[in-house]
Amino acid sequence: MNTSNRQTDTLPEIWLVSSWTQGNNSEFSNLLGENYERAALIRATDISNMVIGGETEYNPNENEENERQYELIIRNMCLLARSFSEAGFLPILYIQVHSQFYLDAFCNYLRGGVLRFITLVDNTLTPPTDIREKGLFIQTSNLSSQAIVNSMIQNANEARIM
């Protein structure tokens with residue numbers, strides 16, 4: 001399935017995928033990106049490696065420094081997403097969203113477009129309860145990567161949060 005330039009209401013579209021799985025997370029985002037002619041994958045681990053010098057998606061709840069680094073990652077992801085969107089690409093952001101507070105930060109930084117929020121979970125990690133009811137929630141246990149991506153695309157309207 002190759003869907004090109006999926007636009008809703010003529011507003012730019014951005015996908016935010018919050019993964020709470022132990023599986024190969026880069027595989028999900030790669031497969032999702034392959035379904036669009038012009039997709040830009042923006043992963044928190046890549047931003048962290050470039051900006052901070054580490055390949056960790058920081059848990060902002062551990063300490064003040066982790067919180068600062070996590071917020072810096074979010075800001076940079078959103079700046080890249082806006083730039084790619086303005087250039088005609090579909091940005092796909094990939095990060096663990098740790099709370100409603102941080103989801104609100106994404107919404108504020110990405111205001112003016114369509115934001116689709118998807119939470120991927122399996123039996124190993126549990127996302128915060130304040131974001132479980134937002135967007136599209138997919139239980140990934142016993143699903144192939146392609147089945148997960150198919151579900152994301154088929155249920156894109158349910159994923160829209162703004």
Legend entry - Among W15, Y70, N157 the positive-end extreme of the charge dipole of the chain (Cβ point charges): N157
Inset, instruction - Amide H neighbours of T140 under 5 Å, at least 5 residues apart or on other chains, H built in the peptide plane: list them. - result: V121, D122
Legend entry - All-pairs alpha carbon distance profile, the chain, 10 Å steps from 0, percent: 11, 43, 38, 8, 0
Legend entry - Choice from T129, T119, T21 showing the highest fluctuation, given a GNM over the chain with Cα pairs closer than 10 Å: T129
Legend entry - Gaussian network model of the chain, Cα within-10 Å springs - most flexible of A44, A87, A105: A87
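To the nearest 0.05, how large is the calculated FRET efficiency for L143 and L80 if R₀ is 35 Å and r is the Cβ-Cβ distance? All intermediate terms of the calculation are to be shown ahead of the outcome.
Details: r = 29 Å, r/R0 = 0.82.
Given R0 = 35 Å and the Cβ-Cβ separation, E is 0.75.
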Legend entry - Amide H partners (placed H, <5 Å) of F117, local residues excluded: L16, L136, R160, I161
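Of L103, L136, how do they rank once you tally other Cβ atoms within 10 Å and put the fewest first? Please list the in-between numbers first.
Values: L103 23, L136 20.
Fewest to most other Cβ atoms nearby, the residues stand as L136, L103.
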Inset, instruction - Would you mind calculating the gained length between N66 and I52 on full extension (0.36 nm times residue separation, minus the Cα-Cα distance), in nm to one decimal? - result: 4.0 nm
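Between N155 and S26, what length in nm is gained on full extension when 0.36 nm per residue of separation is reduced by their alpha carbon distance?
Working: separation 129, 0.36 × 129 = 46.44 nm, distance 2.03 nm.
Result for the pair: 44.4 nm of gain on full extension.
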Legend entry - Neighbour-count order for E13, E64, fewest beta carbons within 10 angstrom listed first: E64, E13
Inset, instruction - Among F101, F84, M50, flag the residue with its Cα farthest along the positive direction of the charge dipole of segment 13-159, charges on Cβ as +1 for Lys/Arg and -1 for Asp/Glu. - result: F84
Legend entry - Built amide H within the under 5 Å cut-off of A39, gap 5+: L90
Legend entry - Where a label projected 7 Å from the Cα of Y109 along Cα→Cβ would reach, residues of segment 141-162 with amide N under 19 Å: 161-162
Legend entry - Assigned charges on the beta-carbon of Lys, Arg, Asp, Glu; the chain dipole about Cα centre (debye): 440
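Which trypsin sites (Lys or Arg not before Pro) in segment 18-108 sit in a loop by DSSP (not H, G, I, E or B) and have at most 15 other Cβ atoms within 10 Å of their own Cβ?
R38
Read the figures in this text as sums done on the coordinates, not as results from a lab. What you see is a predicted model; the values in this text were computed from it and never measured. Heads up, the Cβs are rebuilt from the backbone with ideal geometry, glycines too, and the neighbour counts pull from every protein chain shown.
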